[in-house]
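To start, the structure itself, in structure tokens.
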Amino acid sequence: MVYKSQEQQIRFNTPAALGTDSTLSAKSATTVNIPVRRGDVIIAATDGLFDNLFVNDILQVVTRALRQRPLLGCAQTQEERAAEADRLSQHLIEAALSAAKHPTKRGPFAAQSEKVGYKFEGGKMDDVTCVVGIVGCD
């Protein structure tokens, strides 16, 4: 993993969000410039993914999926990369939902809860949105 953004929240268990019901403005958004290389996998997701899967869990899901079907780099068309990105996204969503339903799994949300004085066991049911991009040659 090359880069992971900092968690952005208003207070514990209240993620910072931009939208019609938000008190935050678009100027509150964080922007970063990160150099990428062909074959890099970019994951953007809601807290439903990151509250239930540690970074190592996410890397394992991606690694396992890529072992089943490695990226072909420049040989891939844009459509093939898009299909592969969709497949990776589905694997991540399924892993997050599985962890969310687990009654005793100690995930990132449980770890953060403990740090602020709450006891929380199991996964955290939440919406999970995950967008994956794969950097190509073009």
Among the residues listed as Val55, Val36, Val41, the single one being of a type outside the set (S, T, N, Q), under 20 Å from Tyr3 (Cα atoms) and at pLDDT 95 or above: Val55
Identity of the residue in the range 41-99, in a loop (DSSP other than H, G, I, E, B) and touching a residue at least 12 places away in the same chain (Cβ under 8 Å), that ends up surrounded by the most Cβ atoms within 10 Å (Cβ to Cβ): Asn52
Residue satisfying all of: in the range 1-33; at pLDDT below 85, assigned to a loop (DSSP other than H, G, I, E, B) and among the charged types (D, E, K, R); farthest from Glu94 (Cα to Cα) among these: Asp21
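The values are calculated or read from the model by the stated rules, or taken from the named source; none is laboratory data. What you are looking at is a predicted structure, and each value in this text was computed from that prediction instead of being measured. FYI the Cβ positions are ideal-geometry reconstructions off the backbone, even for glycines, and counts take in every protein chain you see.
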